[in-house]
Amino acid sequence: DAGVTQSPTHLIKTRGQQVTLRCSPISGHKSVSWYQQVLGQGPQFIFQYYEKEERGRGNFPDRFSARQFPNYSSELNVNALLLGDSALYLCASSLASGSAEQYFGPGTRLTVT
Amino acid sequence: GQNIDQPTEMTATEGAIVQINCTYQTSGFNGLFWYQQHAGEAPTFLSYNVLDGLEEKGRFSSFLSRSKGYSYLLLKELQMKDSASYLCAVRDEEQAGTALIFGKGTTLSVSS
């Protein structure tokens, strides 16, 4: 079985641009969470979706938005990119929103110049 | 708010035992998790504790004391491949629903 997949693997953008990151959860998993991991830090929670509805939001500005599709895949959008948005963006899937285990994808490395 | 503390770095030798501590302060605790993350890779799930006590899984064990806001991850018979960052995370339903709040991670270096 395929694990969590994310695309693209790497991305370089300039300040002020917009970016869309994609995630496909493990087959059968209905919950997707997004995290931002800056180098040397632990992942920071951005959003959680379950059954296409937002179930949680971390302390991130409104420039960050996300959605989940009927097939449970998800997109994270970031507008008006700042240098500080450079990070590894991780997607995690779980069977349900309260499941014990979250399985992480390989991440998208975003560099903002 | 929430606060999760773990040591920044630890070193150990092959075959030894190492204990990585984690302390937390949360208002809506509903589980503690340990993840392993090798450099440049995604975190992988190691353990989950929601009740007090010790959970053992092969060379890895995790302990939780909810009254003390304390957990540790115990790694036995260390191998070189155990060199990685170990992330302590809590589920705090009042702060983040069912998502996870991570500490900054402990970088473990295992030498021969």
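Contact map, region B:1-27: first residue within 18 Å of B:I101 (Cβ to Cβ), second residue exposed (fewer than 13 other Cβ atoms within 10 Å of the Cβ), Cβ cut-off under 6 Å, separation 6 or more or different chains; pairs are B:Q25/B:N3; B:S27/B:E94.
Among the residues of region B:23-44, those that are more than 10 Å from the chain's Cα centre (by Cα) and of a type in the set (A, V, I, L, M, F, W, C) comprise B:F29, B:A39, B:A42.
Examine region B:43-53 for a residue that is free of Cβ contacts under 8 Å to residues at least 24 places away in the same chain, surrounded by fewer than 14 Cβ atoms within 10 Å (Cβ to Cβ) and within 9 Å of another protein chain (Cβ to nearest Cβ), and state whether such a residue exists. Before the answer, list the steps.
Step one: filter region B:43-53 for residues free of Cβ contacts under 8 Å to residues at least 24 places away in the same chain, giving B:44-45, B:48-53.
Now narrow it down to the ones that are surrounded by fewer than 14 Cβ atoms within 10 Å (Cβ to Cβ): B:44, B:51-53.
Remaining after also requiring within 9 Å of another protein chain (Cβ to nearest Cβ): B:44.
Yes, region B:43-53 has at least one match.
Mind telling me which of the residues B:L75, B:L108 ends up being in contact (Cβ under 8 Å) with a residue 24 or more places away in the chain, surrounded by 13 or more Cβ atoms within 10 Å (Cβ to Cβ), more than 28 Å from A:I46 (Cβ to Cβ) and away from chain A (no Cβ under 14 Å)?
Working: B:L108 fails: more than 28 Å from A:I46 (Cβ to Cβ).
Selected residue: B:L75, the only one of B:L75, B:L108 that is in contact (Cβ under 8 Å) with a residue 24 or more places away in the chain, surrounded by 13 or more Cβ atoms within 10 Å (Cβ to Cβ), more than 28 Å from A:I46 (Cβ to Cβ) and away from chain A (no Cβ under 14 Å).
Do we find that B:A84 is within 14 Å of chain A (Cβ to nearest Cβ) and without any contact (Cβ under 8 Å) to a residue 12 or more places away in the chain in this structure? Criteria not met by B:A84.
Of B:T11, B:T23, which residue is modelled with pLDDT of 95 or more and out of contact with any Leu (no Cβ under 9 Å at 6 or more places or on another chain)? Don't jump to the end; show me each part of the working.
Working: B:T11 fails: out of contact with any Leu (no Cβ under 9 Å at 6 or more places or on another chain).
Result: B:T23 is the single residue among B:T11, B:T23 that is modelled with pLDDT of 95 or more and out of contact with any Leu (no Cβ under 9 Å at 6 or more places or on another chain).
Restricting attention to region A:1-31, the residues that are crowded, with 19+ Cβ neighbours inside 10 Å and under 27 Å from A:L83 (Cβ atoms) add up to 3. Residues considered: A:G42, A:G58. Of these, the only one that is more than 16 Å from A:A96 (Cβ to Cβ), at the interface with chain B (Cβ under 8 Å from one of its Cβ atoms) and touching a Leu at 6+ places or on another chain (Cβ under 9 Å) is A:G42. A:G58 meets the conditions (1) more than 13 Å from the chain's Cα centre (by Cα); (2) surrounded by 13 or more Cβ atoms within 10 Å (Cβ to Cβ); (3) at pLDDT below 95; (4) not aromatic (F, W, Y) in every case but one. The failed one is (1).
The values are calculated or read from the model by the stated rules, or taken from the named source; none is laboratory data. Computed from a predicted structure; not experimentally measured. Don't worry about glycine lacking a Cβ; one is built from the backbone with ideal geometry, like all the others, and counts go over all protein chains shown.
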